[in-house]
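All remarks here apply to the structure that follows.
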Amino acid sequence: MKFIRLRICLMSIFIGISGFLMFNELSSHAVYVALSVFFLCASGYAYNNMTDEKEDKINRNETSSWNTSRRGFPVIMICTASGIFFSSVFSQASFLYSVIFLVTVFSYSFFRIKRFLLMKNIYTALCIAVLFLVGSGDVMNFDVMLSYVFFATLLFTGSMMSDIRDYKGDKMSGIMTLPVRMGIKGAEKLSLVLIFLCSVFSLYLGIYTILPVLITASVCLIKGYYSAAHKYGSLSFAFITLWFI
């Protein structure tokens, strides 16, 4: 399960379902959305695990034969095919967004784009937020775009907190993240600003349930509990889903 990053895949379901609930009536199609975004995320992160073995071994003290051999490729292919299939069953727009997601996430890992300053954060935000579009199943319009920007901002903030947590391994591996470039304290202050922006955004959209989670994440950051801050920040997607249910 570590190979596909199960926790992140489950989080992605909340992102996709939020998109579905915001722009569709609750129906059995939500199952297709949940399965689609789960398998798409599993495919992307499984491949990323194979390309990120060095820094993951340092940051999380873990490695696997799935990462270092060809054993992982059948899993990636099955997840990719499953994600595309379920998105195509839902809608043509969802299918198109799933293809965009896969092309982007595979390119990110294959070309090691995270080596360049800010690219990891930008790719994480813009790419994972596409799963929200998969869930919406709708063509791009102002409301969809505004909601996409909100989710991308949340994901960018989460990516920053993840980089703070992984500072040691990224620095040793030569990954030029913002915390590596500006230091832990500077990145911490920037993350707090981003959390404030997310809070303002959520108030504008009328999504109040995530405010306690964002406040808790801020406190953890200030106290230096970076792993906890990242975990609480990730919970915001579950609370957004609950708001629309």
Exercise. Any idea which of (1) assigned to a helix (DSSP H, G or I); (2) more than 19 Å from V144 (Cβ to Cβ); (3) over 15 Å from the mean Cα position of the chain (by Cα); (4) not aliphatic (A, V, I, L, M) is the one F3 doesn't satisfy?
Worked result: (1)
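Mind listing just one residue for me: the one in the stretch 225-245 that is in a loop (DSSP other than H, G, I, E, B) and aliphatic (A, V, I, L, M) and, of those, surrounded by the most Cβ atoms within 10 Å (Cβ to Cβ)?
Step one: filter the stretch 225-245 for residues in a loop (DSSP other than H, G, I, E, B), giving 225, 235, 245.
From the residues that got through so far, the ones that are aliphatic (A, V, I, L, M) too are 235, 245.
Working: L235: 17, I245: 8.
Ranking the qualifying residues of the stretch 225-245, first place goes to L235.
Being touching a residue at least 12 places away in the same chain (Cβ under 8 Å), in contact with a Pro (Cβ under 8 Å, 6 or more places away or on another chain), of a type in the set (S, T, Y) and farther than 20 Å from I128 by Cβ is the requirement here; does Y167 meet it? Write out each step before concluding.
Numbers: touching a residue at least 12 places away in the same chain (Cβ under 8 Å): yes; in contact with a Pro (Cβ under 8 Å, 6 or more places away or on another chain): yes; of a type in the set (S, T, Y): yes; farther than 20 Å from I128 by Cβ: yes.
Yes, satisfied.
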Exercise. On the given criteria, is D143 outside any helix (DSSP H, G or I), more than 15 Å from I8 (Cβ to Cβ) and among the charged types (D, E, K, R)?
Worked result: no
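Go through the residues of the stretch 230-239 one by one and say whether even a single one is within 26 Å of D143 (Cα to Cα) and in contact with a Ser or Thr (Cβ under 6 Å, 6 or more places away or on another chain). Walk me through how you get there before you give the answer.
So the first thing to find is which residues in the stretch 230-239 are within 26 Å of D143 (Cα to Cα), and the list is 233-239.
Then drop every residue that is not in contact with a Ser or Thr (Cβ under 6 Å, 6 or more places away or on another chain), which leaves 239.
For the stretch 230-239, residues within 26 Å of D143 (Cα to Cα) and in contact with a Ser or Thr (Cβ under 6 Å, 6 or more places away or on another chain): present.
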Exercise. Does the stretch 117-139 include one or more residues that are under 25 Å from Y225 (Cα atoms) and over 17 Å from the mean Cα position of the chain (by Cα)?
Worked result: yes
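Values in this text are rule-based calculations from the coordinates and carry no lab data. Not measured: the values here are computed from a predicted model. Every residue, glycine as well, gets a Cβ built from its backbone with ideal geometry; the counts of neighbours run over all protein chains shown.
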